[in-house]
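The structure under discussion appears below in the form of structure tokens.
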Amino acid sequence: MEQVIANGLYLGAQYALIALGLTLIFALMNVLNFAHGQMYVLGGFITYTVYGQLGLPFVVALLASGVTLAVIGALMEKFLFRTVIRRSHREESTMLLAAATAFFFDAVILLLFGEKQRGVPKIVKGVFNDAGIIMPYDRIVVGALAIVFIAAFVLYMQYSRVGRAMRALAQDRVAAQLMGVRVDRYSMIGFAMGAMLAGVVGGLLVTITGVNSGIGGPISIKAFLMVMIGGAGVVGGAIAGGFILGMMESVGLTVLREYGDVTYLVIFAALMVFLSVRPNGLMGKPWG
Amino acid sequence: MINRRSTLKSMALGAVSTLALAALGISSAQAENKELKIGFVGVTSGPAAAWGTSNVRSMQTRAAWINETGGVKIGNDTYNINIVTFDDQKDPKRAIAGMEKMAQEGVHYVVGPNVDDGAAAVRPVAEANGIIYFPYAFPKALYQKPASNAVLGMIANYQSGPAIYKYLKENKGVKKIAFVAANESDPLSQRDSGVEAAKALGLEIVAQNDTYQNDTRDFTPVLTPIVALKPDLLVLSGVAPANAPLLIRAARELGYEGLISTETAQDAKVLEEGAGEYANGFISVGGASTPEIASDAMKEFVARYTKMFGEYNDESNTKVYALEYIIETLKANPAAINDVAEFKKTMDTFSAPNPFLKGDAKLSYVGTTSFGQKRQLSVPMVVNEYKDGAFQTLFVGSVD
């Protein structure tokens, strides 16, 4: 059981980090970023190229992933989403745009990086094996880094000027604008941060799970699942959703293994029942 | 006055003119050749893109090679090969659309689809339009009478599995076996036939119901309970090349020390990057590129593929064969070029040298034992063991 809990916690930390960027963009702009998984994949491939192929230090690769995705996110907001939001009052317009960018990224990534699964050398070798728990050291490092990133993100949103401005935007866009918050600027920063988080987590996890051009869609679906559990647009909700999903997956795959692949069936069924009772998820309200 | 600059200019002009004339010469020679369209319907995008991409690139490499060397002579005519491709995105509905496109373009020979449901879905279209197709899918109904237009392009797991388990039982002392498969039709059916084969050999099956979502990224929770059962052999039924290194790595990191095998083709580079030294000893089914058996032609194919696409894919060791079989069978009976009934007649007696293997290996159609008729390419059943970034031949088997 110790191993099952350890697996669940590790998965949870990893999932929470994946969901953070998605929920941030949703909170700020009411945009469901279907390309979130593709951004994760792109971040993974950038780390693969910089660290795995060019042999530069892992930290440099992670930075390259984060910065590249932040720039891409900012450009997407400025030239695509801002324009669409300005010209269309229908929410599905941004959803369609997000879906289109997801397909576009899929095609570009396949073209640039090929069809093969890619991996990089382990950042830390060795396996922790004590007290009934087996956990490779690189997973411990990645799990700890994920928790550090989550904490840093929460603190930044809570105490920095930019974070406060973004929270104000998320709570009430018009009121924030009347109070002098520059909506365009902070929307762009928020989108860039969301994309950067996707890129960083992609770069981080390429050391454990590798990356391939086809996993963007499934990653997005899992991130949506976590956001639905925790409540759309709530940072705490995304974190809670990630840990809940990780734990459910770990426990389900052990307890239900004799019944075949029913773990996700049970998770989806439980989610349907849960959403019918709490349609806004666990913490489904704007920040405040 | 002739100076250095004008001399260089003249030389450059001369060179360009010569090249242009040569190019004109080549293109007019190629233009005289007829065109033979060969189709490909398979998955070249999405999570399973690796399967179809290695297929279509093998065909394109071989076609480019043939065209570059003047085309292929079939009967009295010489043909350039034109590969017509369609990405079915692993969707049976799109596979049907792809096969319909092939029919509209007058294509009679199609490689693919890559998965069971796609291969089953295109059967009516292929049969109605006189198309012979070469799926990489294992359902026996596709190849048994009354079906007659599908030809299995590789070794099926129910053919390689028993041979691998028997070898490991006799040579490595395997007694306990565990199966894990993705929750999709191909891996599940491969797992079921693997379980049957293991039972027939008297092996103790300690796990057979464990499955995972094909898009799983972290397999530790999936493998934790299986590793605790301490099997001697862990079979990754129908595992996709993208998942194999992740499963191997997770099992080894959990302390698993037994053998790991699969009946699908894998890529050494992917294993090296994804699992490193953990992949040493991993057993899979390959084709014709290990140094022990590859001919010079196979080595040239690998070099040309690498030059054309930047990196070779070891899955192509098997997928190099389909186009070769189509061309060689048409050479043996030119009447088959527009008449698949003639092709079927030729399949029963066809035999040609296998250019990709050393020695006097032959290309021929097999499958009588498994399907009751010759509806399978005779591809060498090379069982490989991964070691430090490359495959080594463990043993070579055959199918009749």
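The values are calculated or read from the model by the stated rules, or taken from the named source; none is laboratory data. Predicted model, so just to flag it, every value in this text is computed and none were measured. Cβ sites come from the backbone with ideal geometry, for glycine too, and all protein chains shown count toward neighbours. With ligands, DNA and RNA removed, areas are computed over all heavy atoms of the protein, side chains included. Shrake-Rupley method; radii C 1.70, N 1.55, O 1.52, S 1.80 Å.
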Residue-normalised value, i.e. accessible area per residue, for segment A:16-214 at 1.4 Å probe, in Å², stands at 43
Across B:221-231, the residue-averaged tally of Cβ atoms belonging to other chains within 10 Å stands at 4
Mean separation of Cα contacts under 8 Å (at least 6 apart) over the residue count of segment B:243-400, i.e. the relative contact order in percent, is 26
Output field shielding_mean for B:264-274 (other chain Cβ, 10 Å radius) holds 3
Rg/Rh of segment A:16-214 (Cα atoms, Kirkwood Rh), to two decimals, equals 1.02
Taking a straight Cα-to-Cα line shorter than 12 Å from residue B:169, and setting aside same-chain aspartates and glutamates fewer than 8 residues away, one finds B:204, B:232
Carbon and sulfur atoms account, in whole percent of the 1.4 Å probe accessible area of chain A, for 70
Comparing each residue of segment B:238-259 in the complete protein assembly with the chain by itself (heavy atoms, probe 1.4 Å, ligands and nucleic acids ignored), those losing at least 10 Å² of accessible area are B:242, B:246, B:249, B:253, B:254
Of B:66-75, A:39-48, B:214-223, ordering from highest average Cβ density within 10 Å down gives A:39-48, B:214-223, B:66-75
Checking rank on B:159-165, B:127-133, with mean other Cβ inside 10 Å and highest first, the result is B:159-165, B:127-133
Using alpha-carbon positions, the gyration tensor of segment A:1-105 gives root eigenvalues a ≥ b ≥ c; with a/c under 1.5 called rounded, otherwise prolate if a/b exceeds b/c, else oblate, the class is oblate
Reduced to Cα centres, the span from segment B:59-98 to segment A:203-269 in Å works out to 41
For segment A:168-288, shape from the Cα gyration tensor axes a ≥ b ≥ c, cut at a/c of 1.5 then a/b versus b/c, turns out oblate
Among beta bridges assigned by DSSP with both residues in the protein assembly as shown, the antiparallel ones amount in percent, to the nearest 5, to 45
Taking trypsin sites (Lys or Arg not before Pro) in a DSSP loop with at most 14 other Cβ atoms within 10 angstrom as exposed, one finds the longest site-free stretch of chain A at A:183-288
Of the accessible area of segment B:268-315, computed with a 1.4 Å probe and all protein chains kept, carbon and sulfur make up a percent value of 54
Of the listed pairs B:37/B:269; B:175/B:387; A:125/B:307; B:37/B:93, those with alpha carbons more than 29 Å apart are B:37/B:269; A:125/B:307
Inter-chain shielding metric for A:129-139, i.e. average beta-carbon neighbours from other chains within 10 angstrom, reads 2
Gyration tensor (Cα only) of chain B to equivalent ellipsoid, semi-axes in Å sorted down, yields 40, 27, 19
One quarter of the C-alpha convex hull surface, i.e. the mean projected area of the protein assembly as shown in nm², amounts to 37.6
Carbon plus sulfur, as percent of the 1.4 Å-probe accessible area of segment B:157-264, comes to 46
Compactness check, segment B:217-274: C-alpha Rg relative to the 2.2 N^0.38 Å globular estimate gives 1.04
Going through B:172/B:319; B:172/B:374; B:319/B:374 one by one, the pairs whose alpha carbons sit over 27 Å apart turn out to be B:172/B:319; B:172/B:374
With residue B:227 itself left out, Lys, Arg at +1 and Asp, Glu at -1 over residues whose Cβ is under 10 Å from its Cβ give 0
Taking a ≥ b ≥ c as the square roots of the Cα gyration tensor eigenvalues, with a/c under 1.5 meaning rounded and otherwise prolate when a/b beats b/c or oblate if not, segment B:157-264 comes out oblate
Non-local residues with an amide H under 5 Å from the amide H of residue A:212, with H modelled 1.01 Å from N and Pro and chain starts lacking one, are A:118
Given a Förster distance of 41 Å, the FRET efficiency implied by the Cβ-Cβ spacing of residue B:352 and residue B:199, rounded to the nearest 0.05, works out to 0.60
Per-residue ellipticity at 222 nm attributable to helices in chain B (runs of n ≥ 4 DSSP H, -39500 (n - 2.57) apiece, nearest 500 deg cm²/dmol) works out to -13500 deg cm²/dmol
For segment B:311-400 the trypsin sites (Lys or Arg not before Pro) that pass both the DSSP coil test and the at-most-12 other-Cβ-within-10 Å test are none
Interface buried area B-A, accessible surface with 1.4 Å probe, both sides summed, nearest 100 Å², comes to 3200
